[in-house]
Amino acid sequence: MPPVGCRLDHIVLTPWTLTFAAEAVGVTSAARTAILTNIGPGPVRIVEIGAEGDFAQSNNYPKEMAARTSCIISVTFTPGAAGIRNGSVTINDLLKGSPQVLSLAGLGQAAHEVHEVPKADSYLVSK
């Protein structure tokens with residue numbers, strides 16, 4: 001695996017993996033980002049970028065990335081269950097070696113049980 005990114009043809013994805021901190025089940029994390037860069041001499045047509053698993057993505061990619069340009073892929077994590085959760089963002093383009101895959105992992109934590117605290121006056125002791 002490459003140390004700083006995943007290079008296929010003229011596309012570089014940096015980083016190629018994102019790990020999210022523990023998050024309560026059903027709560028959405030802050031976004032983490034990856035950068036997709038066209039390092040080639042010509043344009044690259046991006047067909048689709050999509051997320052799988054307990055992850056969602058948004059991006060600013062144009063349908064055709066000009067030479068030497070980048071787009072930002074923002075990813076959030078909303079665990080649907082407790083435990084280790086894996087997913088991916090897949091970038092489909094028209095280059096040899098497509099798709100590029102951003103591997104994702106996060107930890108879902110069960111919500112803590114909420115116990116009702118007794119009112120203070122229920123503990124009054126008479127003298």
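Rule-based calculations on the coordinates, nothing more; no lab input. Keep in mind that what you see is a predicted model, and the values were worked out from it rather than measured. No Cβ is skipped: glycine too gets one built from the backbone with ideal geometry, and neighbour counts run over all protein chains shown.
Among the residues of the range 57-93, those identified as closer than 17 Å to residue 107 by Cβ and small (Gly, Ala, Ser) are 80, 81, 82, 83, 87, 88. Counting just the residues of the range 66-85 that are of a type in the set (Gly, Ala, Ser) and farther than 25 Å from residue 22 by Cβ, which one comes out surrounded by the most Cβ atoms within 10 Å (Cβ to Cβ)? Out of the qualifying residues, it is 70. Could we say that residue 46 is crowded, with 18+ Cβ neighbours inside 10 Å and either touching a strand residue (DSSP E or B) at 6+ places or on another chain (Cβ under 8 Å) or in contact (Cβ under 8 Å) with a residue 12 or more places away in the chain (or both) here? Here the answer is yes, as residue 46 does meet what is asked.
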